Amino acid sequence: MSLLDSARQVRENAYAPYSKFKVGAAVRGASGTIYSGVNVENVAYPEGTCAEAGAIAAMVAAGETEITEVAVIADSPTPVPPCGGCRQKLAEFARHDTPVTLATTEGERLDTTVGDLLPGRFDMSHMENT
């Protein structure tokens, strides 16, 4: 199964009773294993969790800390990018040139990279003097 297919399949499990906006995400770890996640809403906004954060948490829980590829899919008129917080989370575990596929449920897609999503990212090099 492709990374995008994994994101598409898991998206159906999203818990989005308030927005009705289901998002699925999948990341590939350095081992080649695919980890997926969905958005999980909560009536006490903003206590929900993004799909990308769920996929990253599953990867880290499995003992991996390097993302080699990302896919995100939603039922949207155009491919939906990760929120700012998730861009930083992806940047924590992925290189600048890590490929990211953003897609709609209708088949439109945008191929980009983590670096293009978050130019000038904050990373460990900024903390070297602390």
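Quick notes on this one:
- Any hit, segment 28-46, residues being at pLDDT below 95, closer than 28 Å to residue 120 by Cα and either under 11 Å from the mean Cα position of the chain (by Cα) or not aromatic (Phe, Trp, Tyr) (or both): yes
- Residues in segment 1-36 that are part of a strand (DSSP E or B), closer than 16 Å to residue 105 by Cα and of a type outside the set (A, V, I, L, M): 1 in all.
- Selection status of residue 30, aliphatic (A, V, I, L, M), touching a residue at least 12 places away in the same chain (Cβ under 8 Å) and under 17 Å from residue 2 (Cβ atoms): no
- Cross-chain or 6+ apart pairs with Cβ under 8 Å, segment 109-127 first and over 17 Å from residue 86 (Cα atoms), then at pLDDT 95 or above and among the small types (Gly, Ala, Ser): 109/103; 110/103
- Every listed requirement among (1) in contact with a helix residue (DSSP H, G or I) (Cβ under 9 Å, 6 or more places away or on another chain); (2) surrounded by fewer than 20 Cβ atoms within 10 Å (Cβ to Cβ) is met by residue 37 save one, (2).
- Taking the criterion of being basic (Lys, Arg) and within 16 Å of residue 65 (Cβ to Cβ), the only residue of segment 12-36 that qualifies is 28.
- Residues (assigned to a loop (DSSP other than H, G, I, E, B), without any contact (Cβ under 8 Å) to a residue 40 or more places away in the chain and in contact with a strand residue (DSSP E or B) (Cβ under 8 Å, 6 or more places away or on another chain)) located in segment 97-108: 97, 98
- The number of residues in segment 51-96 that are hydrophobic (A, V, I, L, M, F, W, C) and in a helix (DSSP H, G or I) comes to 13.
- Any hit, segment 62-75, residues being in contact (Cβ under 8 Å) with a residue 12 or more places away in the chain, within 15 Å of residue 26 (Cα to Cα), of a type outside the set (S, T, N, Q) and surrounded by fewer than 15 Cβ atoms within 10 Å (Cβ to Cβ): yes
- The single residue among 101, 113, 33 that is touching a Leu at 6+ places or on another chain (Cβ under 8 Å) and among the hydroxyl-bearing types (Ser, Thr, Tyr) turns out to be 101.
- So residue 114, is it touching a His at 6+ places or on another chain (Cβ under 9 Å) and either at positive phi or surrounded by 15 or more Cβ atoms within 10 Å (Cβ to Cβ) (or both): yes
The values are calculated or read from the model by the stated rules, or taken from the named source; none is laboratory data. The structure presented is a predicted model; accordingly, all values stated were derived computationally and were not measured. Counting neighbours? That spans all protein chains shown, and the Cβs are built from the backbone with ideal geometry, glycine included.
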